[in-house]
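Here is the structure we will look at, set down as structure tokens.
The values are calculated or read from the model by the stated rules, or taken from the named source; none is laboratory data. Please read all numbers here as calculations on a predicted model, not as lab measurements. Cβ atoms come from the backbone with ideal geometry, glycine included; neighbour counts cover every protein chain shown.
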Amino acid sequence: MKKHLRQPHPVWRVIRLISGILLLLMGIIGGLMPVIQGWMFAVPGLLLLAPESRIIRKIVVKTRTKLKLRRRRKKRPEAARNPDAGVGGSNGPVARAARVPEAEK
């Protein structure tokens, strides 16, 4: 079931559209020029235009989900990411400490 949101006042909608388009254009121009960082303007422009455009909304939602997945992967412990890094693995810290190099014998 879709949630019906209240439509903003037409003046605010026009202001949001104009500012979103201007920021997006500044981001595109800034991406071509080495002096200005384009993404700093393009991201807020896309976020302002997302409620009005279905394509931009899909881009924003996909980007958010990718960032959430990346954040979850970073939070996982090392043993969950690399099964050999645990205690029982042959390359784990315990197994590495148990091995003595030939030069030290």
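Is at least one residue of the range 5-28 within 17 Å of the chain's Cα centre (by Cα) and of a type outside the set (Ser, Thr, Tyr)? No: zero hits.
From the list Ser53, Ser19, the one residue that fits, being at pLDDT below 90, surrounded by 13 or more Cβ atoms within 10 Å (Cβ to Cβ) and polar (S, T, N, Q), is Ser53.
When the range 41-76 is filtered for residues that are of a type outside the set (Asp, Glu) and either closer than 14 Å to Ser19 by Cα or touching an Asp or Glu at 6+ places or on another chain (Cβ under 9 Å) (or both), the ones remaining, listed by number, are Phe41, Ala42, Val43, Pro44, Gly45, Leu46, Leu47, Leu48, Leu49, Ala50, Pro51.
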